[in-house]
């Protein structure tokens, strides 16, 4: 089985050639980094992931996690040792705040490490993956005392964290949650209730686990305006065990390395983060980081699957080329001669390379939103990152799954048996479309909060950026800027339709939200392709750059045409969706 | 967990209202069947599948099959008893030839039973599913003596059968196979070699298993022109065990109830079917039946997943309606109020109901191709069935899988855990895109053999039928006939592009084959929707018929718009696919 290789050359193309990060004066963090340093970090991260983490992946799937009768949970063989190495090598602290012991590197570098760790073993990455968001939440909401107690050990990775939101009856709709938090009058609260689907709720990687838990204080308003956020550690500062435990772990379709826990809180001691009833704001700091991370996880699965399928297509001999044969004497040619096999592989290249650029671009906007000097520029970067976050999450995980399925297809029947590892990637990738807000919720976030709330201003600013790039593109790139500009027009028509129609039909946003997100995702990646093609065109003698141009060309012909069909689906409106009575959905 | 319910009303709508089968004078088999009889058969089949077969499905996934050290294979608990009941109830003989003890019912009824059995438990259906095709092959190719020995017991289901084609190095490319058949001079051959991925190669359901095996006689021409077909029973007519055995069974992504076997033939005794070196022709009789069956299996998974998702959407309360709320006092509304949830459910309705009609229509063409009096009409029906067979297989299995994934999505996180059964449907449905000729092979069959070989005549005949239906549709159905006619134009443009371009570029057929198949699938199902809408419009006071019109409307707005984008992908040609050197597909 071909092992995953860190795509260092492609990463460096994005960070250096495309985004021009080394020594970039816009941010002090970047100004201090030269190309060699960035490349060394990326290369070392890739090496670590390939050597230490990737071998865990089949083991993780086969063994899964085990909950013992005493409520402890054992992770798959090798996880603990690999986690210790991850911490020792300093990868956990990379983009963490310097004041608590982190290295203060930009998010755009973190996005690279996240991709590599997820390609190597997503089930393993689930444990440290949540840390940067948890640290941001605690940093933004906790008292100085709490920060001093928890942040240094969270930043270093000595302690891990969870997001404890979901309850059995309250998933997307957090307003329905019932977990209670009763103030004890000593600054702590007694937290009682049951949370489900808690990734890393219990495990054997770290001694302590810091749960960030949503709960209601007595007499809190109903719904989402009565939710507060608490820090609830497994081990209390005095060394006592808190009264919380893992009741069971889920048996899932995949991602078996990640312990998905039912967590029972029985008057557990917790500390309020931020203000009572305003807990969702603090949680959303963590959630937004997690959403970006899930989109990147989709990319990571796609990249891993692509590499394996490409290797198989070069090796496996089956059928003969229609045109010239590489070896006319051979009984059969490698799969790579077949145009339909190449169609699947080129689709995968177009998605992975384009989305890698988009994810890095979006992470950079987050860095810029924190670090730019000019306030208006900071706000602009923040608005763009916020607009793109649901797109990254949903489009990245949808395409990541689709790519994994297509790469499995390249293997024929061998893709369906466990031996080759392809079916594991498909099973593991499936969850990305669901957790951290199902993709339909992301679409509604985009169409409702991000498009409609400001009457389309941020969306139009985004479309204007893409349109400007088309207008500014060289004549030689018309084969790409033309279809991309068409895509912008489709997106604008779709946005106008939604903004106009919603005045008379409150369901139209929900009805059109999914195809709308798909248009935005398609042109956002297309925008990156146009920018990458412009860079590559300058050095088209280099085979790597020539391949970039071919892949950009493929995107123009095979992805951008979707925008027209998607716009028509938006314009189909809500009528056919809402016409049936609920009971008519049941077969007679 | 909601159990699957046979969609009898919808089936009867297709058989009676749409296809007008009861008492149909075109075929004697139909002329003899009145509506009550057909409905009784469908209802009883549904009841049998729901009561006896559906309970096996979770067990099949959990237990899987077991190969023991002596080479025997045990199927999951309950399979043997259910198979005995299936045989005793006469379901196996339904569409089998009367001269060997079958009931001689038309294929169009068999298609219904196949759907129901596959929805109930696809892993179970794999065992008898292959019988009708195997019987046809033996009937067309065997000597009278062989027929007399084998067909009565195969028709009755007392013995089951396999298709033994694939070898480790020869999947799609059967020409590479190496299994040998040496004539013994007594009318039998000694068959030696290893076959893989043999569904039902060994099991405990029947005493004997009739393997139909492809192999090469000595000095056979190389490639696919040197392949012969043999009947190789597990138990020889004299009661001795033949020298063949199951070496191992595969561990797969899903379909665990089906034993996928490595079969070793060690000078096993076999009888030639048909002529030496012409074995593929006989095997294709079986294969075409199997391809139709796999498309129907895709439908069956989609229907099963749809029913569960619809029930969940009516029951699960999460979030509140944007417009009028069903119960303003409730903390939350059922999922069915949300337009995006309805989008997924309506897509599923549009596919399942439309494809059920298309599968039945295609099966009917097979009946007509055998039974019509007029030779030209028989040939026309055969050409249409042959044109639609790869479409049924690939479009049905692609959409079946996509539907299963979307229905899993309706469940949110609960769709990812094993408890609810949704993830099993996704895993089980995935294989349909791969086996019996991967979907890319189907697309090449359509674009190469079915479109290009006769210069587009059969394709144009098909498009003419759909266009004629659009022209003949009532003004009131313009909302559907308009987009469908557009789809026909897109299909015709795509076909012309392929036929024209292939003269200078042999790779263009392969490059455009997949989107071409998707256009044909989309308009074939759209054609069925137009015919169904015309029927439903006559009784639109009936809520069932009104729902048909709504679902047709949904198809017009949400599926037919894809044709334009797909045509553009066909017209993208082969250049961007074929430009990279093979080694450029490997990441550096």
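In this simple spin-label model, placing a label point 7 Å from the Cα along the Cα-to-Cβ direction at both residue A:327 and residue B:496 gives a separation of 4.4 nm.
I'd like to compare A:191-201, B:459-469: which one has the highest average count of other Cβ atoms within 10 Å, and what's the full order after that? The partial results should precede the final answer.
Values: A:191-201: 22.9, B:459-469: 17.9.
Highest-to-lowest ranking by the protection proxy: A:191-201, B:459-469.
Estimated from the Cβ-Cβ distance and a Förster radius of 51 angstrom, the FRET efficiency linking residue A:236 and residue A:51 is about 0.85. Extending 7 Å from Cα along the Cβ direction at residue A:581 and again at residue B:379 yields two label points whose distance is 5.3 nm.
When a footprinting reagent is the concern and you count Cβ atoms within 10 Å, what order do A:555, B:100 take, fewest first?
Taking fewest neighbouring Cβ atoms as first place, the list is B:100, A:555.
To the nearest ten degrees, helix B:562-571 and the longest principal axis of the Cα atoms of chain B are 50 degrees apart. Comment: the Cα-to-Cβ extended label point of residue B:331, at 7 Å, lies 6.7 nm from its counterparts in the other copies, nearest first.
The convex hull built on the alpha-carbon positions of segment B:160-279 has an orientation-averaged projected area of 7.4 nm². For helix B:339-371, report the angle its Cα long axis makes with the longest principal axis of the Cα atoms of chain B; keep it between 0 and 90° and round to the nearest 10°. That helix lies at roughly 50 degrees to the long axis.
Taking every eigenvalue of the Cα gyration tensor of chain B, multiplying by 5 and rooting it, what semi-axes result, largest first, whole Å?
Sorted largest first and rounded, they come to 38, 29, 25 Å.
Per-peptide packing, taken as the mean over residues of other Cβ atoms within 10 Å, places A:49-55, B:352-358 in the sequence B:352-358, A:49-55 from highest down.
Take every Cα pair under 8 Å whose residues are at least 6 apart in sequence, average their separation, divide by the length of segment A:160-278, and the relative contact order is 31 percent.
For residue A:489, the point set 7 Å out from Cα toward Cβ sits 1.7 nm from its twins in the other copies, listed from shortest up. With contacts taken as Cα pairs under 8 Å and at least 6 residues apart, chain B reaches a relative contact order of 12 percent.
Shielding value for B:557-564 is 5, the average number of Cβ atoms from other chains within 10 Å of each residue's Cβ. Ordered by the number of other Cβ atoms lying within 10 Å of each residue's own Cβ, fewest first, B:250, A:571 fall into the sequence A:571, B:250. Counting, for every residue in B:340-351, the Cβ atoms of other protein chains within 10 Å of its Cβ and taking the mean gives 5. If a paramagnetic tag sat 7 Å from the Cα of residue A:25 along the Cα-Cβ line, which residues of segment A:521-548 would have the backbone N under 13 Å from that point? Counting backbone N atoms under 13 Å from the label point, the list is empty. In terms of packing, defined here as the mean over residues of other Cβ atoms within 10 angstrom, the peptides B:63-72, A:335-344, B:448-457 line up highest first as A:335-344, B:448-457, B:63-72.
Averaged over the residues of peptide A:541-553, the number of Cβ atoms from other protein chains lying within 10 Å of each residue's Cβ is 3. Taking 7 Å steps out from each Cα toward its Cβ at residue B:81 and residue A:476 produces label points 7.4 nm apart. When the helices of chain B are scored as -39500 (n - 2.57) per DSSP H run of n ≥ 4 and the total is divided over every residue, the value at 222 nm lands at -17500 deg cm²/dmol.
Where chain A is carried onto chain B by rotation, the Cβ closest to that axis, with its residue and distance in Å, is A:565, 2. Cβ-to-Cβ counts within 10 Å put B:528, B:407 in ascending order as B:528, B:407, the fewest first. The angle between the Cα long axis of helix A:35-48 and the main principal axis of chain A comes to about 70°, on a 0 to 90 degree scale.
Kirkwood radius for the protein assembly as shown, taken over all pairs of different Cα atoms as the inverse mean of 1/r, rounds to 31.0 Å.
The orientation-averaged shadow of the Cα convex hull for segment B:8-139, equal to a quarter of the hull surface, comes to 9.2 nm². Here segment B:205-229 is scanned for amide nitrogen atoms under 20 Å from the site 7 Å beyond the Cα of residue B:284 along Cα-to-Cβ, giving B:212-217, B:221-229.
The relative contact order of segment A:456-588 comes to 33 percent, based on Cα pairs under 8 Å that sit 6 or more residues apart.
Inter-copy label distances at residue B:62, shortest first and taken from points set 7 Å along Cα to Cβ: 2.5 nm.
All of the numbers you see were taken from the coordinates with simple rules; none came from a lab. Note that the structure is a prediction, hence the values are computed from the model and not measured. A quick note on method: Cβ atoms are made from the backbone with ideal geometry, for glycine too, and the neighbour counts reach across all protein chains shown.
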